[in-house]
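Novice: Here it is: the structure, laid out below.
The values are calculated or read from the model by the stated rules, or taken from the named source; none is laboratory data. Since the model is a prediction, treat every value here as computed from it, not as a measurement. In this analysis, Cβ positions are derived from the backbone assuming ideal geometry, glycine residues included, and neighbour counts consider all displayed protein chains.
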């Protein structure tokens with residue numbers, strides 16, 4: 001193989017002058033984590049809301065929920081990224097659009113919003129499934145003891161539903177984290193983008209991508225471990 | 001002309017098998033030529049793969065029909081002809097593969113592309129992974145911005161968001177300048193020149209840092225050419241562009257060097273240059289009006305593959 | 001704000017968008033889905049074989065692929081496939097593969113991990129008694145799988161396999177990062193050439209939306225039918 005291996009490349013200074021290539025990858029990692037966490041907050045809250053809408057008795061609420069899910073699930077993430085980044089500012093009134101485009105870290109905010117809305121549609125489906133798998137008696141019992149619909153969801157249905165869907169929710173969280181890499185197309189300097197820049201500056205393709213791969217595997221492992229710890233902690237005693 | 005992008009795996013496998021068989025037969029015949037590396041591969045497969053760019057106007061870019069054209073692309077076609085003659089092939093299929101600034105070097109190294117025809121700066125760092133033939137252009141790093149923004153000197157960029165194409169020497173230079181001069185820039189890497197220019201066009205970035213010749217052609221072919229200005233201050237000396245080929249493949253490089261040297265020294269080379277830099281070019285018939293500079297005339301008169309800007 | 005919309009740009013680029021871009025997207029989706037399902041089934045059978053030497057590598061493969069972002073995998077394979085080809089054919093140099101082949105290999109290998117999870121669930125859902133019954137009437141392992149288990153697993157899992165194929169169809173848009181001309185790549189090339197981003201990206205989004213909603217509606221209908229047969 002006609003390739004010059006150099007594993008010490010990580011300790012070479014990067015041309016950005018602010019540190020080594022390893023520092024560059026770590027800064028990418030922190031953007032990846034920041035984007036994943038911020039967008040997850042949106043995805044989790046909005047997704048729960050939409051998921052609940054789809055289980056309410058009101059037809060109108062169900063329809064809104066369904067439309068949201070269909071819209072955000074049926075357009076590729078990359079296209080949604082471009083819509084938020086290139087199209088939305090043009091459709092806003094002139095001064096707003098300009099303000100939005102000149103925000104520092106505009107690609108970070110765009111990525112957070114885009115991933116938040118995209119992942120929300122997936123979280124919504126999990127929440128809906130979670131609520132629907134609960135015995136119907138739970139809802140009825142809530143109503144019977146005089147809880148309002150809001151209280152029934154808040155104190156009975158959602159706490160149980162979240163416990164049921166914790167494993168699929170964990171994998172949605174990981175999907176969301178992996179999807180942050182799509183934001184490199186709008187200039188977000190996350191981990192994959194940094195690995196790519198490192199490859200370009202240093203010409204060490206395999207070392208750069210191997211490092212990124214190992215980091216992603218590590219994150220997955222940590223998240224899965226934490227999630228199963230959480231699962232045992234929040235389990236309702238005697239529910240299994 | 002049809003190019004084999006959409007070849008099925010099955011067909012590919014047949015080609016591999018066929019070439020493997022012809023190799024075995026050739027070896028059994030014991031009269032095979034002593035070919036190595038890329039030349040051997042081209043001889044066996046009857047194919048040469050040229051890497052082209054999306055938007056390196058006028059070097060290598062897609063015209064109105066989304067077909068690759070350009071100055072460097074034409075040079076590569078001439079090289080392919082020279083290779084065909086050299087190997088005494090009756091037929092040589094030219095396959096095309098799109099490359100970006102980010103993918104071009106790995107794709108040369110991994111054998112996907114044999115010649116990269118575009119606007120690749122020849123420098124010492126890159127020579128660790130690839131090799132370059134004779135210089136076909138010289139250009140310095142500058143930036144383009146909207147005229148209304150009045151960003152003529154590098155100091156004017158302080159605190160702004162600028163874009164450059166990922167994988168280029170230019171993004172490296174702006175990063176270095178950012179640190180050295182404490183400019184506080186946000187530097188966005190774009191996938192290709194068109195995307196980067198778009199960021200300036202749509203107001204996503206204040207300036208696009210790139211080789212001045214590419215900036216001039218991007219601005220000239222934009223919707224409103226009059227609204228853009230290229231900085232007078234440069235971030236680098238004029239640096240050489242070369243066509244890339246695989247490293248440590250002296251016989252192939254010799255053929256390519258000979259072909260390019262012959263072309264550049266002949267009137268045909270000057271004519272080729274004029275076609276792309278002093279005449280209307282596709283798709284919109286703009287004229288870049290960039291007659292050959294003194295150093296360029298010298299570079300053509302005595303072709304060189306040196307990476308050192310001082311050599312020109 | 002909609003006043004300077006120019007849908008003429010969309011209209012004049014339709015032959016390119018569909019003739020080149022959509023053909024690429026659909027071909028890639030169809031071939032990668034077929035390859036992915038076949039490979040996925042093999043991986044699922046390896047995991048359920050009860051033989052550690054087969055089950056463990058299969059499990060590692062699936063978890064590995066599922067932990068990585070597709071964008072990173074696309075970069076990896078774009079640079080790596082020629083070396084893999086060299087290793088598999090024992091050639092003396094990296095095998096030069098076209099961009100399409102490279103994308104096809106990437107998506108087949110990546111999606112196989114996801115298809116294999118579906119097939120594994122499908123195979124596990126078949127009552128154990130059927131395997132015992134098949135063995136009792138003297139069928140070999142291969143015969144049992146081919147004639148009894150897999151046909152049922154395929155039929156039961158068909159809606160899920162197709163849903164995953166719709167996801168794959170959307171994922172193929174990511175070949176944008178290596179500058180290939182799929183449907184989105186074609187749209188973005190026209191958008192950048194003519195400076196008509198708003199029109200082109202809205203149009204591309206609308207087309208994806210229509211295709212995916214139509215396809216998932218059909219899958220849901222199929223699901224109901226499969227459910228009745230069962």
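Novice: Restricting attention to region B:77-89, does a residue exist that is at the interface with chain C (Cβ under 9 Å from one of its Cβ atoms), without any contact (Cβ under 8 Å) to a residue 12 or more places away in the chain and part of a helix (DSSP H, G or I)?
Specialist: Scanning region B:77-89 turns up no residue that is at the interface with chain C (Cβ under 9 Å from one of its Cβ atoms), without any contact (Cβ under 8 Å) to a residue 12 or more places away in the chain and part of a helix (DSSP H, G or I).
Novice: Turning to a different aspect of this structure: Specify which of the listed residues (C:177, C:226, C:148) is over 15 Å from the mean Cα position of the chain (by Cα), surrounded by 22 or more Cβ atoms within 10 Å (Cβ to Cβ) and farther than 17 Å from residue C:12 by Cα. Spell out how you get there, then give the answer.
Specialist: Numbers: C:226 fails: surrounded by 22 or more Cβ atoms within 10 Å (Cβ to Cβ); C:148 fails: surrounded by 22 or more Cβ atoms within 10 Å (Cβ to Cβ).
After ruling out the rest, the residue left standing is C:177.
Novice: Out of B:57, B:83, B:69, report the one residue that is surrounded by fewer than 24 Cβ atoms within 10 Å (Cβ to Cβ) and under 26 Å from residue C:176 (Cα atoms). Break it down stepwise before answering.
Specialist: Working: B:57 fails: surrounded by fewer than 24 Cβ atoms within 10 Å (Cβ to Cβ); B:83 fails: under 26 Å from residue C:176 (Cα atoms).
That would be B:69, the only listed residue that is surrounded by fewer than 24 Cβ atoms within 10 Å (Cβ to Cβ) and under 26 Å from residue C:176 (Cα atoms).
Novice: Any idea which residue in region C:65-101 is surrounded by the most Cβ atoms within 10 Å (Cβ to Cβ), counting only those that are in contact (Cβ under 8 Å) with a residue 40 or more places away in the chain and more than 7 Å from every other protein chain (Cβ to nearest Cβ)?
Specialist: The extreme case among them is C:74.
Novice: Give the residue, chosen from B:64, B:4, that is closer than 30 Å to residue B:196 by Cα, surrounded by fewer than 16 Cβ atoms within 10 Å (Cβ to Cβ) and either modelled with pLDDT under 50 or at the interface with chain C (Cβ under 10 Å from one of its Cβ atoms) (or both).
Specialist: Just a single option satisfies the conditions, and that option is B:64.
Results for (1) in contact (Cβ under 8 Å) with a residue 24 or more places away in the chain; (2) more than 20 Å from the chain's Cα centre (by Cα); (3) surrounded by fewer than 12 Cβ atoms within 10 Å (Cβ to Cβ), shown as yes or no for each residue.
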| position | (1), (2), (3) |
| --- | --- |
| B:260 | yes, no, no |
| B:266 | no, yes, no |
| B:269 | yes, no, no |
| B:272 | yes, no, no |
| B:276 | yes, no, no |
| B:283 | yes, no, no |
| B:297 | no, no, no |
| B:300 | yes, no, no |
| B:312 | yes, no, no |
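Novice: Here is a follow-up. Say we look at region B:96-121 and pick out the residues that are in a loop (DSSP other than H, G, I, E, B) and under 10 Å from the mean Cα position of the chain (by Cα); which of these is surrounded by the fewest Cβ atoms within 10 Å (Cβ to Cβ)?
Specialist: Only one residue fits best here, namely B:100.
Novice: Determine if region C:150-162 includes at least one residue that is outside any helix (DSSP H, G or I), more than 10 Å from chain A (Cβ to nearest Cβ) and in contact (Cβ under 8 Å) with a residue 12 or more places away in the chain.
Specialist: Looking for residues that are outside any helix (DSSP H, G or I), more than 10 Å from chain A (Cβ to nearest Cβ) and in contact (Cβ under 8 Å) with a residue 12 or more places away in the chain, one finds none in region C:150-162, hence no.
Novice: Output yes when any residue across region C:47-54 is at pLDDT 95 or above and within 17 Å of the chain's Cα centre (by Cα), and no when none is.
Specialist: Checked region C:47-54: no residue is at pLDDT 95 or above and within 17 Å of the chain's Cα centre (by Cα).
Novice: Of the residues C:144, C:172, which single one is in contact with a helix residue (DSSP H, G or I) (Cβ under 6 Å, 6 or more places away or on another chain) and facing chain A (nearest Cβ under 9 Å)?
Specialist: Working: C:144 fails: facing chain A (nearest Cβ under 9 Å).
Result: C:172 is the single residue among C:144, C:172 that is in contact with a helix residue (DSSP H, G or I) (Cβ under 6 Å, 6 or more places away or on another chain) and facing chain A (nearest Cβ under 9 Å).
Novice: Can you tell me which condition residue C:179 does not meet? The list is (1) at the interface with chain A (Cβ under 7 Å from one of its Cβ atoms); (2) under 20 Å from residue A:184 (Cβ atoms), and all the others hold.
Specialist: Only one criterion in (1) at the interface with chain A (Cβ under 7 Å from one of its Cβ atoms); (2) under 20 Å from residue A:184 (Cβ atoms) is unmet by residue C:179, namely (1).
Novice: For residues that are surrounded by 22 or more Cβ atoms within 10 Å (Cβ to Cβ) and either without any contact (Cβ under 8 Å) to a residue 60 or more places away in the chain or within 9 Å of chain C (Cβ to nearest Cβ) (or both), tally how many sit in region B:202-220.
Specialist: Residues in region B:202-220 being surrounded by 22 or more Cβ atoms within 10 Å (Cβ to Cβ) and either without any contact (Cβ under 8 Å) to a residue 60 or more places away in the chain or within 9 Å of chain C (Cβ to nearest Cβ) (or both): 2 in total.
Novice: As an exercise: evaluate residue A:41 against (1) surrounded by 14 or more Cβ atoms within 10 Å (Cβ to Cβ); (2) in a helix (DSSP H, G or I) and give the number of the one condition it does not meet.
Specialist: For residue A:41, the exception is condition (1).
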